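First comes the structure, then the notes that go with it.
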Amino acid sequence: MRLALFDLDNTLLGGDSDHAWGDYLCERGILDGVAYKNRNDEFYQDYLAGTLNITDYLNFTLDILGRTEMSQLQQWHDDFMRDCIEPIILAKAEALLEQHRQAGDKLVIITATNRFVTGPIAARLGVDTLLATECEMADGRYTGRTTDVPCFKEGKVIRLNRWLEETGYSLEDSYFYSDSMNDLPLLEQVSHAFAVDPDPRLQAEAEKRGWPVISLR
């Protein structure tokens, strides 16, 4: 079965779910609307520039998970899905997923954003397999720390290769759709690389390599 891999943020979504989660927490007064938001914005600019320190970012963004009961987190995420994610789900993205689904391809979302944020989004999009940055759990709740290799830059390749070994799938005739130059390591591994509403650096790289550039907006 052929693999169709999809980045999530700014690819299948018309925005960044990780950044939006931080904004959601600030807008509702759960976190400091000035200090946290400013730091969140700084991290996002680092991500766009390709200079993000993923460890620092994960320590920052996962802290709230470790300080909050699971039932409260679930309620917040339900509201977040309704208010922040549903409005940025792209019709063309859903159509692209369905196109690959109808072709009999195996759909995989592979994202740097953590599983707490992205698990329900993947389910909403009807994608059963999600490779995401993992949140450590102990005694039935989050610790506020990450675990395993972050699913970011070269980490996406590491995590995907391990999943391929575990499942027996291969990258023969595979597809990967992404908006970000941060995903260049994985885009180089697949048979069919697509730049989706790409950032300027990926736009230039796609043009240089002859990769298709498409828009789902």
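The values are calculated or read from the model by the stated rules, or taken from the named source; none is laboratory data. Keep in mind it's a predicted model, so treat the numbers as computed, not measured. Backbone-built Cβ (ideal geometry, glycine too); neighbour counts: all protein chains shown. Accessible surface areas use protein heavy atoms only, side chains included; no ligands, DNA or RNA. Shrake-Rupley method; radii C 1.70, N 1.55, O 1.52, S 1.80 Å.
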Translational D in µm²/s for the stretch 3-214 (Stokes-Einstein at 25 °C, 0.890 mPa s, Kirkwood Rh from C-alpha pairs): 139
Mean Cα-pair separation over length for the chain, i.e. relative contact order, pairs under 8 Å, 6 or more apart, %: 26
Distance (nanometres) between label positions extended 7 Å along Cα→Cβ at Glu172 and Gln102: 2.7
Inter-site label distance for Leu164 and Thr68 at 7 Å from Cα along Cβ, in nm: 3.6
Around Leu65: net Lys/Arg minus Asp/Glu count, Cβ-Cβ under 13 Å: -1
Solvent-accessible heavy-atom area per residue, rounded to whole Å², over the chain at 1.4 Å: 45
Accessible area of the stretch 3-214 belonging to carbon and sulfur atoms, whole % at 1.4 Å probe: 47
Of Met1, Thr11, Ala49, farthest towards positive along the dipole that unit charges on Lys, Arg, Asp, Glu beta carbons give the chain: Met1
Residue of Glu69, Glu134, Glu154 that the Gaussian network model of the chain assigns the largest fluctuation, springs spanning Cα pairs under 10 Å: Glu69
Order by protection proxy (mean Cβ within 10 Å, highest first), peptides 4-16, 85-97, 205-217, 172-184: 4-16, 172-184, 85-97, 205-217
Amide H contacts of Ile110 (H built 1.01 Å from N, under 5 Å, at least 5 apart or other chain): Phe6, Asp7, Leu8, Leu131
Local electrostatic count, Tyr142, Cβ distance below 11 Å [Lys/Arg +1, Asp/Glu -1]: -1
Between the stretch 50-74 and the stretch 78-113, the alpha-carbon center distance in angstrom: 23
Considering only the chain, percent of DSSP beta bridges that pair antiparallel, nearest 5: 25
Top of Val149, Val117, Val190 by mean-square fluctuation, Gaussian network on the chain, Cα under 10 Å: Val149
Cβ-defined net charge surrounding Leu107, 11 Å radius [Lys, Arg +1; Asp, Glu -1]: 0
Mean separation of Cα contacts under 8 Å (6+ apart) over length of the stretch 74-158, as relative contact order %: 23
Label point 7 Å beyond Cα of Thr143 along Cβ direction - residues of the stretch 101-129 with amide nitrogen under 18 Å: 114-116
The chain: calculated mean residue ellipticity at 222 nm from DSSP helix runs of at least 4, using -39500 (n - 2.57): -14000 deg cm²/dmol
